[in-house]
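The values are calculated or read from the model by the stated rules, or taken from the named source; none is laboratory data. None of the values given here were measured: they were computed from a predicted structure. Here the Cβ positions follow ideal geometry from the backbone for every residue, glycine too, while neighbour counts run over all protein chains shown.
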Amino acid sequence: MPNDGDFGQLLRRLRQDAGLTIESLAENSGVSARGIGNLERGERTVPQRRTVAALADGLRLDAAERVQLLAAARAGRVRRSNGDNPAGPGALPREVDDFTGRDQELARLSEMARQLEAERGSGQQSVIVLSGAPGVGKTTLVLRAARELAHRFPDGQLLVNLQGMDDDPPHWSELMLRILKTLGLPDSELAKAGPQGRPELYRRVLAERRLLLVLDNGRDEAQVRPLLPGSGDGMALVTSRRMLAGLGGVQRMLVGALRPRDSRDLLAGLVGVERAAAEGEALAEVAELCGHLPLALRVAGNWLATRTGWEVRRFADRLAAEEQRLDALAVDDPRLTAAFDLSYRQLTPEAARMFRRLALVEGPDIGTECAATLIGRPVFDAEDILEELVEAGLLVGFGTERYAFHDLLRLYARTRLEADESRSEAANAKAAMHRWLLETTVVAGRWYEPAHGAPSPDWQGNVDLSDSDKARDWLKAEGVNWLGALRAAAAAGDHTTVVEVAEALHWFSDQWIFWGHWPTVFSLAADCAQALSDPLWEATHLNYHAWALVMCESRHRDGLVRSTQALTAAERCGSLEQQAWSHFYRAWALRMLADYEAAIHDNTVAARLFEAVGDIHGALQALSARGAILLRAQRPAEATVAMQRALDALHAAGDDVEPHIRQFTLANLHGLAGDAHAQLGHWDEAITHNGAACKLSRESGNSAMESIHVVRLGLALLAAGRISEARDAFTRCLELGADADPEYANEAREYLAKLQQ
């Protein structure tokens with residue numbers, strides 16, 4: 001009876017119950033037959049949610065069966081992310097003399113071994129699999145661990161190199177025979193068992209001994225599985241560049257790069273303590289440029305150790321040039337690129353192509369759908385190929401559907417792209433990715449634009465943009481990548497595309513204010529609009545740029561100049577709407593420059609123009625801004641009147657206001673009301689309004705605005721003597737991380753420090 005907690009076995013049972021072959025399920029679901037086969041065999045254990053949903057649809061599962069399948073997939077993801085996934089005779093080789101760091105990994109291995117020892121007899125295999133990228137130091141770590149665990153295994157330790165990276169690695173039967181001979185089995189007994197009986201003999205021999213078996217450099221599950229111990233008091237440590245996801249009932253550890261401090265210590269041991277102390281900053285840069293990868297660190301450290309006349313700074317500057325970094329590390333020591341070459345050569349042709357082309361991605365990571373465009377394949381196929389790269393240790397999967405390179409592997413992928421594909425092939429792949437990114441950005445951004453919303457029914461995109469939250473999540477996740485595509489479009493003179501993308505992102509920008517790149521986005525668009533010689537587009541995007549300068553970078557004088565330029569362009573083309581926005585942004589900049597009378601004048605003009613053209617969204621922002629000006633001018637009683645007028649207008653507008661703009665405006669008005677009551681010393685009212693603003697911002701996912709409101713809430717709570725609640729509010733601001741307003745995050749940090757004194 002299959003264990004329904006095992007996704008592959010459960011999937012096979014459900015498919016057979018439905019009377020479907022793998023091929024027919026592939027046709028029904030859109031998931032490739034290869035992918036389904038890998039899942040059922042356990043060669044891939046952590047399918048993404050999209051894949052599980054497609055399979056459930058293809059199987060026509062009822063609600064209970066669908067929940068069961070999703071739960072099995074979720075359990076597999078949890079096991080892999082936690083690293084505990086159920087998936088003597090001779091001296092060990094000499095360790096490296098300068099073993100450094102890995103305290104956390106060694107402690108965890110010791111705890112795993114303790115747990116396995118405590119669970120003997122439970123049917124759990126006493127096996128720990130260590131996987132990781134080439135050069136990450138798996139063998140070095142496992143040798144140190146084996147020595148620290150030696151006291152648990154009185155019958156000795158044995159290391160066997162499985163030669164998994166060789167073109168023709170030894171078969172498991174050959175390795176099994178070698179192990180049995182090393183363990184002292186006489187030839188007569190081996191001959192008596194014969195090839196067919198050796199697996200049973202092997203398991204019996206291991207079961208009778210408390211032996212620590214180190215199986216180093218495993219190629220795949222087929223080679224490793226027959227060599228694992230079954231019952232008994234022994235244990236095996238297995239290393240492989242591959243995750244060996246098809247091995248069930250084992251403990252797992254993903255070996256990553258060294259911690260920065262340990263990287264510096266390793267280099268210091270190689271170049272000398274005095275030299276390291278004299279050039280500590282440069283040495284830290286070398287460690288960073290080596291990606292904290294132990295093999296790269298050793299190559300760099302040995303290179304410096306043999307060139308005592310070189311300053312570390314000179315070598316760091318040499319490594320800083322990406323196009324030279326791998327060559328610089330490979331001089332006199334080809335181990336690093338050789339290690340990468342071995343893994344690359346074992347990839348399937350499609351996986352090798354994906355690996356190479358991922359070097360074209362501008363951002364630090366990539367989603368499955370974007371990766372699919374690089375090779376022109378369906379998303380499900382791309383997902384299988386990406387997981388093959390993860391399994392091979394050449395890519396890291398994180399989150400739900402995102403993947404990233406180790407820095408040096410990205411550089412290596414670039415060298416393979418240049419060597420294995422023509423310039424035109426690479427350029428076409430990059431252009432296709434950029435085109436897809438910008439087209440999807442427009443569709444996602446328009447969720448937040450009045451009169452747009454959901455994608456049109458004929459949109460054929462491969463990203464789920466079925467609601468505004470999904471659109472926001474995609475825009476954030478692929479932000480650096482679509483920004484790179486936008487820059488490329490501007491550089492290529494594709495002015496219309498740049499303007500169209502920026503226009504689609506105008507209202508979305510309020511949802512992600514402190515991303516850091518809006519001034520670039522809207523500056524590019526303003527330049528492109530000017531190049532198009534269209535004064536309406538010029539006015540529009542100069543206004544957007546003014547917003548970014550004032551709101552995102554606090555460059556209030558620059559924002560005033562930009563909005564004045566926008567006003568000139570708007571008057572030139574006769575656009576009352578853009579004249580209104582120009583006056584609105586001028587008023588904002590003037591408010592921040594403390595010129596309150598001028599700010600009120602421009603804001604009044606903006607409100608009148610918005611009303612004249614029937615722009616209800618602009619009119620609401622102008623009404624809100626009037627309250628903000630009065631508040632900053634220390635006129636809180638008048639500010640409350642202005643804000644009440646804005647609230648009345650918001651309620652009267654009803655469904656004419658876009659839902660996300662309504663929520664944003666309502667949160668802003670509550671926040672301003674809270675500040676007004678704070679100026680008046682009405683602390684209970686201030687707490688109520690600021691609390692409402694926080695709640696509305698949190699519900700809409702607008703972390704930037706929540707950070708502002710939550711600090712204001714904390715200040716009101718502090719003034720009211722509610723110290724513990726104030727501390728919680730300031731802490732919440734810091735928990736929002738990079739999305740928080742930097743100014744308010746610093747303020748929260750300062751107040752928390754004072755409260756701890």
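Here are the numbers for this structure:
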read-out	value
Unmet requirement for ARG242, which otherwise passes all of (1) outside any helix (DSSP H, G or I); (2) charged (D, E, K, R); (3) within 18 Å of GLN157 (Cα to Cα)	(3)
Residue in segment 269-280 that is crowded, with 21+ Cβ neighbours inside 10 Å and within 30 Å of the chain's Cα centre (by Cα) present	no
Single residue of ALA150, ALA191 found to be aliphatic (A, V, I, L, M), in contact with a strand residue (DSSP E or B) (Cβ under 7 Å, 6 or more places away or on another chain), surrounded by fewer than 19 Cβ atoms within 10 Å (Cβ to Cβ) and at negative phi	ALA150
Options SER533, SER523: the member that is at positive phi and in the same structural domain as THR665 (by TED's automatic domain parsing)	SER533
Matching entry among GLU391, GLU421, GLU362 (being among the charged types (D, E, K, R) and closer than 22 Å to LEU289 by Cβ)	GLU362
All positions within segment 533-575 that are assigned to a loop (DSSP other than H, G, I, E, B) and either charged (D, E, K, R) or modelled with pLDDT under 95 (or both)	SER533, ASP534, SER554, ARG555
Qualifying residue in segment 72-83 (condition: modelled with pLDDT of 75 or more, in a helix (DSSP H, G or I) and outside the structural domain of ARG210 (by TED's automatic domain parsing))	yes
Helices (runs of 4 or more DSSP H) (entirely within segment 582-687) containing at least 2 residues that are modelled with pLDDT under 90 and buried (at least 20 other Cβ atoms within 10 Å of the Cβ)	636-653, 659-679
Hits in segment 128-141 - residues which are in a helix (DSSP H, G or I) and surrounded by fewer than 24 Cβ atoms within 10 Å (Cβ to Cβ)	THR139, THR140, LEU141
Every pair of residues 6+ apart whose Cβ atoms lie under 9 Å, when the first sits in segment 177-199 and is of a type in the set (Lys, Arg) while the second is part of a loop (DSSP other than H, G, I, E, B)	ARG178/PRO170
Count - residues of segment 617-661 that are of a type in the set (A, V, I, L, M, F, W, C) and in contact with a Pro (Cβ under 8 Å, 6 or more places away or on another chain)	2
Condition broken by SER343, with the remaining ones in (1) among the small types (Gly, Ala, Ser); (2) touching a Gly at 6+ places or on another chain (Cβ under 9 Å); (3) in a helix (DSSP H, G or I); (4) under 25 Å from GLU285 (Cβ atoms) satisfied	(4)
Filtered residue count, segment 350-360, keeping only those that are closer than 12 Å to ALA429 by Cβ, among the hydrophobic types (A, V, I, L, M, F, W, C) and surrounded by fewer than 23 Cβ atoms within 10 Å (Cβ to Cβ)	2
Residue count, segment 27-38 (criterion: modelled with pLDDT under 85 and within 21 Å of GLY246 (Cα to Cα))	7
Some residue of segment 164-173 being under 17 Å from LEU295 (Cα atoms) and at pLDDT 80 or above	no
Leading residue by the ranking (modelled with the highest pLDDT) among those in segment 491-532 that are over 22 Å from GLY574 (Cα atoms) and charged (D, E, K, R)	ASP494
Hey, LEU319 assigned to a helix (DSSP H, G or I), within 31 Å of the chain's Cα centre (by Cα) and buried (at least 24 other Cβ atoms within 10 Å of the Cβ) or not	no
ASP527, sole failed condition from (1) surrounded by 24 or more Cβ atoms within 10 Å (Cβ to Cβ); (2) more than 31 Å from the chain's Cα centre (by Cα); (3) not hydrophobic (A, V, I, L, M, F, W, C)	(1)
Tally of residues being over 31 Å from the mean Cα position of the chain (by Cα) and buried (at least 24 other Cβ atoms within 10 Å of the Cβ) across segment 547-559	1
Test: residue in segment 654-662 that is under 30 Å from ASP467 (Cβ atoms) and among the small types (Gly, Ala, Ser)	yes
Candidate set from segment 230-258 (those that are modelled with pLDDT under 85 and surrounded by fewer than 19 Cβ atoms within 10 Å (Cβ to Cβ)); member that is nearest to ALA207 (Cα to Cα)	GLY232
Criterion (of a type in the set (Val, Ile, Thr) and more than 25 Å from the chain's Cα centre (by Cα)) met by exactly one of VAL250, VAL255, VAL286	VAL250
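The rows are residues; the columns are (1) buried (at least 18 other Cβ atoms within 10 Å of the Cβ); (2) of a type in the set (Phe, Trp, Tyr); (3) within 22 Å of GLU401 (Cβ to Cβ).
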{"site": "GLY479", "(1), (2), (3)": "no, no, yes"}
{"site": "LEU483", "(1), (2), (3)": "yes, no, yes"}
{"site": "THR497", "(1), (2), (3)": "yes, no, no"}
{"site": "GLU503", "(1), (2), (3)": "yes, no, no"}
{"site": "PHE508", "(1), (2), (3)": "yes, yes, yes"}
{"site": "PHE514", "(1), (2), (3)": "yes, yes, no"}
